[in-house]
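The block underneath contains the structure these notes are about, expressed in structure tokens.
What follows draws every value from the coordinates through simple rules; no lab data is involved. As the structure is a computational prediction, the values presented were derived from the model and not from experiment. Don't worry about glycine lacking a Cβ; one is built from the backbone with ideal geometry, like all the others, and counts go over all protein chains shown.
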Amino acid sequence: MIGALAITALAAAAPVSAIEIAGEAELFAPGIASTDHSEIRLTISPDGNTALWFSRDRPGGAGGYDIWMTRRTTAGWGPAAPVSFNSPGRDFDPAFSADGRFVFFCSDRPGGIGKDDLYRVAVTGAGFGTPENLGPAVNSAGAEYAPMLSPDGSQLLFSSDRPGGAGGHDLYTAKAEAGRFAAAAPLAGAINSAADEFDGTFLSDGRTVVFARAPSMKADRIDLHVAAERNGRYDKGMILPLAVNDPVGDSYGPMLDWSASGRLTFSAQRGASGSMDLYRAAYRLTASDGLEDDDAR
């Protein structure tokens, strides 16, 4: 593993955002959340007491893809269980909002607009409410993945393969207006390309984006990248170091840890098992004037 390594995200006369990944990534809740099944996109509630993720092959849920939950106890993380709002279809990519009031997620359940739509469900004292489709301003006839509401609640970040993008999947945002969302638009700048860009998360500044990229998410290795914003536009992004990425396996599903704003969660395929596990890594926002090679590790 590489220790603290600065990744500069944009060349400019003034300092711009970059991040350092400090030390090695920590495997999250081994045997409870991280198992020999594929576990992806860990999200932790603001109070640090509830963790959600999804699995595409863990038995015991309502469908093939299901969202799972564990709650913190005095002895550590408790047993994992499927959430109440799973359906017989695909339910995946959960993300708490910064205030802990909602969980955003993806599903292909009946009644949607496209292949996989974005939903939110209220967090209640008894558990969870009734899932709500985010509507046609956000969803399309294509597939929408990995919703993430910014720390200030002003914009929704997600990816879509709808027509009009730069490549396969591209990163989009939709502004939040009076509890609803305005029409989505691709992130401005060079961040979207002919490759697949997906699984994005804002970091604690609400501007810097960590995201997954691959020439083809179905055929090529997937790595995590970071991109900085300046004057409303994003640079194309730079690959993160081996403290996060793996030289052989996939890394994706990043999410800001709401219980510790200086921590990033992600999923990675490491070791001989071939399954995806859940990890947490500390990061620090920095500033730099230089621009490093986009392909550097």
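Some notes on this structure:
- Of the residues Tyr279, Val226, Leu242, the one whose Cα sits farthest towards the positive end of the charge dipole of segment 5-288 is Val226 (charges of +1 on Lys and Arg Cβ, -1 on Asp and Glu Cβ, taken about the Cα centre).
- Karplus-derived 3J(HN,Hα) values for segment 123-131, using 6.51 cos²θ - 1.76 cosθ + 1.60 with θ = phi - 60°, are 8, 10, x, 8, x, 9, x, 9, x Hz; glycine and proline are entered as x.
- Packing-based ranking of 158-171, 91-104 yields 91-104, 158-171, ordered from highest to lowest mean Cβ neighbour count within 10 Å.
- By average C-beta atoms within 10 angstrom, highest first, the peptides 72-81, 248-257: 248-257, 72-81
- For peptides 35-43, 231-239, sequence by mean Cβ density within 10 Å, most packed first: 35-43, 231-239
- Relative contact order (%) - criterion: Cα under 8 Å, at least six apart; region: the chain: 22 percent
- Approximate spin-label separation Ala183-Asn133, in nm, with each point projected 7 Å along Cα-to-Cβ: 2.0 nm
- Distance between modelled label sites at Glu24 and Ala190, nm, 7 Å Cα→Cβ extension: 3.5 nm
- Placing pseudo-labels 7 Å out from each Cα toward the beta carbon at Ala176 and Ala81 gives an inter-label distance of 2.8 nm.
- Per-residue 3J(HN,Hα) values for segment 49-58, derived from phi via the Karplus relation 6.51 cos²θ - 1.76 cosθ + 1.60 with θ = phi - 60°, read 9, 9, 10, 10, 7, 10, 10, 9, 8, 7 Hz in sequence order (x marks Gly and Pro).
- Amide N of segment 77-114 lying under 16 Å from the label point, which is placed 7 angstrom from the Cα of Thr124 along Cα→Cβ: 83-86, 101-103
- Taking amide hydrogens as placed 1.01 Å from N in the peptide plane, the amide H of Gln155 sits under 5 Å from those of Ser150, Ala176, each at least 5 positions away in sequence or on another chain.
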